[in-house]
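Below is one structure, written out as structure tokens, with a few remarks after it.
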């Protein structure tokens with residue numbers, strides 16, 4: 001795999017874009033948190049924590065990417081510090097369970113349902129990430145397929161829970177927030193579906209510099225959608241519900 | 001002790017995970033502090049200060065770990081900057097007394113009891129750390145055993161105080177918070193027990209690269225549980241007590 005100077009720069013620029021987007025979302029969510037009623041403040045706080053954790057990891061990823069290569073006589077050469085892809089998995093291990101917690105918190109279920117659903121979906125999400133990692137670091141197609149398949153079990157379980165389990169809860173939401181909550185459920189599933197597909201690339205014969213470039217940019221864009229855009233959506237839901245409960249408009 | 005490139009990377013990834021977890025917990029606690037009543041704000045502030053101090057030290061530990069080794073021709077070689085384990089002890093010296101203060105503050109004892117218990121348990125905790133350090137930096141089994149034994153005296157005293165001394169105070173807490181306070185007491189003892197056990201490793205013949213890797217990862221996980229998870233638990237207790245006293249639900 002011979003990444004060109006231009007491809008390396010393109011990926012670095014996308015990492016930098018992601019840092020900026022995560023920082024902006026974090027600031028927006030934490031500052032605007034005061035706009036929503038007390039019932040939804042924790043959901044907005046957690047949304048900002050997710051983008052904050054991602055900001056930290058993209059800072060590390062950007063640094064590792066630049067340290068992993070250097071330009072010698074106009075050609076990109078790998079240094080003795082390999083690019084550390086594990087930052088992504090550490091990030092997901094922390095943020096993916098929290099993303100589900102955001103969504104559950106903004107639904108405002110009963111305290112006991114909130115706790116039970118957060119623990120179950122959070123644990124499934126963590127399991128999904130942990131099962132994916134042994135496959136990610138393997139070059140053997142059979143090993144990748146094995147861990148991909150195992151990881152898909154909790155993935156599909158979460159998708160099922162979000163579509164069926166939270167659907168009845170959605171019906172109990174105020175009319176003005178229903179559309180946005182439906183959008184949030186689809187956004188989770190749509191953006192999350194990207195990850196297992198990208199994971200499949202090397203097993204489908206897609207490899208080399210172009211594929212690696214696409215994977216890094218693709219993960220960055222998916223992370224922006226799944227965390228920053230999703231977080232703003234959670235804030236918008238919290239605003240709609242605040243308005244519906246207070247009868248006032250304050251966006 | 002010959003740590004491999006993979007073991008070094010694994011430990012670095014756990015240090016980075018700990019940085020992210022401590023940063024996330026600090027943000028959560030300081031931002032959500034506004035949710036609890038004035039009586040519990042200091043307990044939540046202090047919880048965030050503990051994770052903030054740990055964030056700082058893990059940042060230093062991560063840096064020291066990376067500077068202590070370099071990869072030469074695919075093999076990990078120690079540099080002339082040894083890994084500085086003292087950051088851990090400085091961290092514990094500050095955070096462990098504060099962890100006990102968090103727990104005492106959220107119990108909301110009388111002002112005089114709060115002061116007396118904070119001073120006594122805080123001093124015992126500091127003494128425990130100080131007595132452990134001469135053993136930690138020694139390679140002589142007899143020296144390690146001596147300081148370990150001395151350090152265990154304040155350790156067991158603290159455990160006794162938490163189980164017996166705070167138990168009667170626990171009975172006076174609102175019904176909804178009793179379970180969580182009990183969980184916090186057990187979490188302190190469960191996560192703290194890890195440290196003296198790890199300290200014993202070299203005296204039990206467990207040494208070498210695998211043991212060192214396990215010790216570093218084990219301390220990181222124990223610190224996340226004892227500080228970040230414990231801090232969230234203190235916040236949850238403060239929320240329950242706020243609700244019980246106000247008669248409202250605002251999580």
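Selection over the stretch A:119-132 of residues that are within 14 Å of another protein chain (Cβ to nearest Cβ) and either at pLDDT below 90 or exposed (fewer than 15 other Cβ atoms within 10 Å of the Cβ) (or both) gives a count of 1.
For residue A:110, the requirement of being surrounded by fewer than 17 Cβ atoms within 10 Å (Cβ to Cβ) and closer than 30 Å to residue B:75 by Cβ is not met. Given the residues A:39, A:33, which is the only one that is over 16 Å from the mean Cα position of the chain (by Cα), within 11 Å of chain B (Cβ to nearest Cβ) and at pLDDT 95 or above? Answer to the selection: A:33. Of the residues making up the stretch B:197-243, those that are without any contact (Cβ under 8 Å) to a residue 40 or more places away in the chain and farther than 17 Å from residue B:186 by Cβ are B:198, B:201, B:204, B:205, B:206, B:211, B:214, B:215, B:218. The single condition from (1) closer than 26 Å to residue B:9 by Cβ; (2) at pLDDT 85 or above that residue A:105 fails is (1). Residue A:84 fulfils the conditions (1) surrounded by 14 or more Cβ atoms within 10 Å (Cβ to Cβ); (2) modelled with pLDDT of 95 or more except for a single criterion, (2).
Of the listed requirements (1) surrounded by fewer than 19 Cβ atoms within 10 Å (Cβ to Cβ); (2) within 30 Å of residue A:35 (Cβ to Cβ), residue B:70 misses just one: (2).
Over 20 Å from residue B:103 (Cα atoms), in contact with a helix residue (DSSP H, G or I) (Cβ under 8 Å, 6 or more places away or on another chain), within 11 Å of another protein chain (Cβ to nearest Cβ) and free of Cβ contacts under 8 Å to residues at least 12 places away in the same chain - does that describe any residue in the stretch B:6-17? Looking through the stretch B:6-17, at least one residue is over 20 Å from residue B:103 (Cα atoms), in contact with a helix residue (DSSP H, G or I) (Cβ under 8 Å, 6 or more places away or on another chain), within 11 Å of another protein chain (Cβ to nearest Cβ) and free of Cβ contacts under 8 Å to residues at least 12 places away in the same chain. Is there a residue being crowded, with 23+ Cβ neighbours inside 10 Å, touching a helix residue (DSSP H, G or I) at 6+ places or on another chain (Cβ under 6 Å), within 15 Å of residue B:219 (Cβ to Cβ) and at pLDDT 95 or above anywhere in the stretch B:58-65? The answer is yes; a qualifying residue exists.
Are any residues in the stretch B:203-217 in a helix (DSSP H, G or I) and surrounded by fewer than 18 Cβ atoms within 10 Å (Cβ to Cβ), and if so, which ones? Answer for the stretch B:203-217, where residues must be in a helix (DSSP H, G or I) and surrounded by fewer than 18 Cβ atoms within 10 Å (Cβ to Cβ): B:203, B:204, B:209, B:210, B:211, B:214. Checking the structure you have, find out if any residue of the stretch B:48-59 is at the interface with another protein chain (Cβ under 8 Å from one of its Cβ atoms) and within 20 Å of the chain's Cα centre (by Cα). No: the stretch B:48-59 contains no residue that is at the interface with another protein chain (Cβ under 8 Å from one of its Cβ atoms) and within 20 Å of the chain's Cα centre (by Cα).
Restricting B:176, B:168, B:220 to those that are assigned to a helix (DSSP H, G or I) and at pLDDT 85 or above reduces the list to B:220.
Just one of the numbered conditions (1) under 17 Å from residue A:90 (Cβ atoms); (2) at the interface with another protein chain (Cβ under 10 Å from one of its Cβ atoms); (3) touching a residue at least 12 places away in the same chain (Cβ under 8 Å) is not true of residue B:65: (2). Of the residues screened, residue A:159 is not one that is within 12 Å of chain B (Cβ to nearest Cβ) and touching a helix residue (DSSP H, G or I) at 6+ places or on another chain (Cβ under 8 Å).
Only one entry in A:74, A:135, A:142 is at positive phi and away from every other protein chain (no Cβ under 11 Å), namely A:74.
The values are calculated or read from the model by the stated rules, or taken from the named source; none is laboratory data. Since the structure is predicted, the reported quantities are computational estimates derived from the model, not experimental observations. A quick note on method: Cβ atoms are made from the backbone with ideal geometry, for glycine too, and the neighbour counts reach across all protein chains shown.
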